[in-house]
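Working notes, beginning with the structure itself.
The values are calculated or read from the model by the stated rules, or taken from the named source; none is laboratory data. Every value quoted in this text rests on a predicted model; they were computed, and no experiment measured them. As a convention, Cβ positions derive from the backbone with ideal geometry for all residues, glycine included, and neighbour counts pool all protein chains shown.
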Amino acid sequence: MKDDILKLDNQLCFALYACSKEIIRLYKPILDEFGITYTQYITLLALWEEDNVIVKDLGSKLLLRSNTLTPVLKKLENMDLIERIRDKNDERNVYIKLTKKGAEMKEKAIIIPQNAFCQTGLDLEELRHLRSHLKKLLENMINL
């Protein structure tokens, strides 16, 4: 039928939106044990990969605008997990660097993805396949 295209269950956008909300809900109790939010978690993940980065580059990697990222960074700094260091040569640039406490959290955080994965009902191959397709979709949309 012509109207089927407008059914909620037929919408890719709704399926992605609902899954995203549920994934974040699934992570919440795990992250609560660390005293961090999902956005703080992905920020730390990026910094554990590459530390001492410019705020702009961190925002690009996380696909977050500065009005979203700045409060996250302030909170992480207040928690003594990161420090913000203004570039002495170009004050427009602010570097984000993990503190000792932030770097040490990585060791404990290894359980986060494992605990979350166990609750998805997917096996490892299904998870890899899904992530691959989602990454391709994201790349296609970013390159529009």
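Miscellaneous remarks
- Any chance residue 35 is farther than 26 Å from residue 131 by Cα, of a type in the set (Gly, Ala, Ser) and out of contact with any strand residue (DSSP E or B) (no Cβ under 9 Å at 6 or more places or on another chain): yes
- Any chance residue 89 is of a type in the set (S, T, N, Q) and in contact with a helix residue (DSSP H, G or I) (Cβ under 6 Å, 6 or more places away or on another chain): no
- Among the conditions (1) part of a helix (DSSP H, G or I); (2) under 14 Å from the mean Cα position of the chain (by Cα), the only one that residue 64 does not satisfy is (1).
- When the residues of region 37-58 are filtered to those that are over 12 Å from the mean Cα position of the chain (by Cα) and assigned to a loop (DSSP other than H, G, I, E, B), the one that is farthest from residue 21 (Cα to Cα) is 52.
- Among the residues of region 9-25, those that are modelled with pLDDT of 95 or more and in contact with a helix residue (DSSP H, G or I) (Cβ under 7 Å, 6 or more places away or on another chain) comprise 14, 24.
- Within region 90-144, considering residues that are of a type in the set (Val, Ile, Thr) and part of a helix (DSSP H, G or I), the one surrounded by the most Cβ atoms within 10 Å (Cβ to Cβ): 112
- Complete set of residues in region 25-59 that are surrounded by fewer than 15 Cβ atoms within 10 Å (Cβ to Cβ) and in contact with an Asp or Glu (Cβ under 9 Å, 6 or more places away or on another chain): 50, 57
- Residue match in region 98-105 (condition: within 16 Å of residue 58 (Cβ to Cβ) and either modelled with pLDDT under 95 or not small (Gly, Ala, Ser) (or both)): yes
- All conditions in (1) of a type in the set (Asp, Glu); (2) within 18 Å of residue 131 (Cβ to Cβ); (3) in contact (Cβ under 8 Å) with a residue 24 or more places away in the chain hold for residue 49, with the sole exception of (3).
- Any hit, region 1-12, residues being outside any helix (DSSP H, G or I) and within 30 Å of residue 90 (Cα to Cα): no
- Within region 67-102, if we keep just the residues that are within 16 Å of residue 41 (Cα to Cα) and β-branched (Val, Ile, Thr), the residue that is farthest from the chain's Cα centre (by Cα) turns out to be 99.
- Counted residues, region 21-76 - those being within 21 Å of residue 104 (Cα to Cα) and of a type in the set (S, T, N, Q): 5
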